[in-house]
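K.L.:
Just passing along the structure, written as structure tokens.
The values are calculated or read from the model by the stated rules, or taken from the named source; none is laboratory data. Computed from a prediction, not measured in an experiment: that's the story for all the values here. Cβ coordinates were reconstructed from backbone atoms using ideal geometry, including for glycine residues, and neighbour counts include every protein chain displayed. Protein only, heavy atoms only, side chains kept; ligands, DNA and RNA dropped before computing areas. Shrake-Rupley method; radii C 1.70, N 1.55, O 1.52, S 1.80 Å.
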Amino acid sequence: MTAALVLFAADAAAAEVATAIGPIVGGEDGMVVASSNEAARVGAQILAEGGNAVDAAVAIQFALGVAEPGFSGIGGGGFMMIYDAEDDVVTVVDSRERAPASAEPKMFLNENGEPIPFAERRTLGVAIGVPGALAGAEYARAEFGTRSLADLLAPSIALADHGVIVSRLMAASLVEHQPFLAANPAASALFLPGGKPLKIGQLLVQPELADTLRLIAAEGIDAFYRGPIGEAFVAAVQAAGGGMTMSDLDHYQITVDDPVQGRYGDYEIVTAAPPSSGGLTVLQFLDILERLDIGQYPFDSSLRYHLVMKAMHLAFADRNAYLGDPEFVDIPLTGWLAPKYIQKRAAMVDLTENTCPVPPGAIAGAAPALAPVELMNGDPQTTHVNVADRWGNLVAFTVTIEQHYGTGRLLPGYGFFLNNELTDFDPLPGRPNSPAPDKRPLSSMAPTLVFQGGEPVYVLGSPGGPRIISAVAQVLLDLLEYGLDIEQAIAKPRIYSALCNEKARWESDLPRTVRDELEALGHRFRDKPLEVGDVSVIAVDGGTYVGVADPRRDGVAVGLTRAEDD
Ligand code: GLU
């Protein structure tokens, strides 16, 4: 295990905490894993100063909105899983964006009744959802945290004022999205100064975002939901052709939900509930593979990958047919993992062939929708954070503005991006995930906790749209079935294959021979490799934490251990 040892010297309390930082580190008194170095340090500092895991997760998320402003932020929403160690309870704080009252089922169709192409759809004013990020963060802080909102915003205000160093990931994404960002004067001025994308190592200073966060620190989240930030947001949505009003912001509500739960062997998996499809799809995937006794096939064999792909096709078929916002759609929760149903679905897997099509199953008490839906295939955006504190509290928190840079519209004068979350709706009307006023679009986010014998053992999650499901599920399979350690499980090449007739996504380390053998079974692959998710994990072993950041991004883990004389 390689880790630099650093001490926070700025604060007396913090100086008593030895802190290891790196891609893989251990710690006894706390652990943070986040995709940005700066944001991870913000969380570690909060923990070092005696804050709990929820305080740290909220502060990290604010910091990610500064350090990776194109991936998440206060203009978005997400799912936060909180394990309260004292009460031994897991709670999901759902801050998913909602459609405004003006949303219509056909709002993503053109005059011929066909879906508007995604590249255009994502830029539309009607694609912008009412952000939940601030409401969710504030609820979690007030209910579970110990610090004031202003305290948790302060490090992010400093980062925005003084600047964050442009990372490898941000620099690459700015080059890739240069034409897209160039279309928006505010985004262009910030990210493409002089017409050129900021480069790795340069400083990104965001004075407008700093002022926005300062206003929220001073006036609370009403500065957004009932105040000047919200007024500017609504004006920008309307200028883009959307119908959002201040009344939509005023009416926005998070939900506080029970997680969904499943088992793999003697592990209990606790994960995000609808309107994310992430949890239920991961659980069904794992159940099908357990039923097929996947462990009999070596973890790097083509047959193991074949079963992974087939289980994914089955689970995605049900996801696409049945799942939507539970406030609008009856989710067949009871039948979803029923042993007889899983047995039936697993029996559809042919070991010798990629059978296609894979229809949704007949789940007791529910009627599946018929038409296929499209699944977005952008590259990993979104941010995921894991935190553990010295009291054993755990948080897995995924937040997004949907695609990279959302709609590509940076709110003038306020410095954050307007999400395009409503493109996560099915563009076709009359389906479980069709748009409707106040409805939340189906997500794939899957912040997850794993328990064994009632004790937590893993905290994990990933960005990546529908690939989140595939990435989290494959890492869980390798941890729980194959017994790989977390570093191996994360490093192992992953596949994304949601639909049996689509070319699968594959990662560069996947051996050519495995691909050849899978092609012989009838699978098809994209020409070039592409990453599948970015899974960060904390392993909990009694009093010790091990944090691993996925090398696919620039993430780091920070582990805290109190100095001996403490
Ligand atoms: N909007 C996506 C979802 O909620 C997340 C975007 C991404 O991670 O690529 O599932």
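K.L.:
Whole number please: convex hull volume per residue, Cα atoms of segment 287-370, in Å³.
P.N.:
Convex hull of Cα atoms, per residue: 92 Å³.
K.L.:
Residue by residue, what Karplus-based ³J(HN,Hα) values in Hz, rounded to whole numbers, does segment 240-247 have, using 6.51, -1.76 and 1.60 with θ = phi - 60° and x for Gly and Pro?
P.N.:
Rounded to whole hertz, the list is 8, x, x, x, 5, 10, 4, 5.
K.L.:
Listed here are the pairs Lys199/Lys492; Lys310/Lys503; Lys196/Lys503; Lys344/Lys528; which of them are more than 23 Å apart at the Cα?
P.N.:
In this structure, Lys199/Lys492; Lys196/Lys503; Lys344/Lys528 exceed 23 Å between Cα atoms.
K.L.:
Determine the relative contact order of the chain: mean sequence separation of Cα pairs under 8 Å and six or more apart, normalised by residue count, in whole percent.
P.N.:
RCO, the chain: 26 percent.
K.L.:
For Ala364 and Leu333, compute 0.36 nm times the residue count separating them, minus their Cα-Cα distance, and round to one decimal in nm.
P.N.:
Computed gain between Ala364 and Leu333 is 10.2 nm.
K.L.:
What whole-number distance in Å separates the alpha-carbon centres of segment 191-245 and segment 146-190?
P.N.:
What the calculation gives is 10 Å, centre to centre.
K.L.:
Here's another thing I want to ask about it. Residues of segment 26-62 with backbone nitrogen within less than 14 Å of a virtual label 7 Å along the Cα-to-Cβ line of Glu143, please, listed as ranges.
P.N.:
So the set is 54-55.
K.L.:
Helix-only mean residue ellipticity at 222 nm, the chain, DSSP H runs n ≥ 4 weighted -39,500 (n - 2.57), per residue, nearest 500. What is it?
P.N.:
-10000 deg cm²/dmol
K.L.:
When the dipole is taken about the Cα centre of the chain, and only Lys, Arg (+1) and Asp, Glu (-1) are charged at their Cβ, what size is it in debye, to the nearest 20?
P.N.:
Result for the chain is approximately 1780 debye, rounded to the nearest 20.
K.L.:
What shape does segment 236-313 have by the C-alpha gyration tensor, where a ≥ b ≥ c are the square roots of the eigenvalues, rounded means a/c under 1.5, and otherwise prolate means a/b greater than b/c and oblate the rest?
P.N.:
oblate
K.L.:
Report the full-extension gain for the segment Glu231 to Asp485: residue separation times 0.36 nm, less the Cα-Cα distance, to one decimal in nm.
P.N.:
86.5 nm
K.L.:
For Arg263 and Asp509, what does the FRET efficiency come to when R0 = 30 Å and r is the distance between their Cβ atoms, rounded to the nearest 0.05?
P.N.:
Working from the Cβ atoms, E equals 0.50.
K.L.:
Over segment 28-149, what percent of the accessible surface lies on carbon and sulfur atoms, probe 1.4 Å?
P.N.:
46 percent
K.L.:
With every atom except the alpha carbons ignored, what do you get for Rg and Dmax of segment 456-566, in angstroms?
P.N.:
Cα only, segment 456-566: 16.5, 62 Å (Rg, Dmax).
K.L.:
Still on this structure, I have one more. On alpha-carbon atoms, Rg over Rh for segment 97-233 using Kirkwood Rh?
P.N.:
1.03
K.L.:
Quick check on segment 161-274: take the gyration tensor over C-alpha atoms, sort the square-rooted eigenvalues as a ≥ b ≥ c, and tell me if it's rounded (a/c under 1.5), prolate or oblate.
P.N.:
Because a/c hits 1.5 or more and a/b fails to exceed b/c, segment 161-274 counts as oblate.
K.L.:
Using the beta-carbon distance between Glu455 and Ala182 and R0 = 41 Å, what value does 1/(1 + (r/R0)^6) give for FRET efficiency, to the nearest 0.05?
P.N.:
For R0 = 41 Å, the calculated efficiency reads 0.20.
K.L.:
Right, something else. In whole Hz, with x marking every Gly and Pro, tabulate ³J(HN,Hα) for segment 196-210 from phi via Karplus 6.51 cos²θ - 1.76 cosθ + 1.60, θ = phi - 60°.
P.N.:
Listing the rounded values in order: 10, x, 4, 9, 3, x, 6, 9, 9, 9, 10, x, 5, 5, 4 Hz.
K.L.:
So, one more: Volume per residue, Å³, of the convex hull around the alpha-carbon atoms of the chain?
P.N.:
137 Å³
K.L.:
Using a 1.4 angstrom probe, figure out how much accessible area the chain has per residue, in square angstrom, rounded to the nearest whole.
P.N.:
Accessible area per residue, the chain: 35 Å².
K.L.:
With each label point set 7 Å from Cα along the Cα-Cβ vector, what nm distance links Glu114 and Ala189?
P.N.:
Computed distance between label sites Glu114 and Ala189 equals 3.9 nm.
K.L.:
Given a 1.4 angstrom probe, I'd like the percentage of the accessible area of segment 208-353 that is carbon and sulfur, rounded to a whole number.
P.N.:
50 percent
K.L.:
Right, something else. Take the Cα radius of gyration of segment 32-157 and divide it by 2.2 N^0.38 Å, with N its residue count; two decimals is plenty.
P.N.:
It is 1.27.
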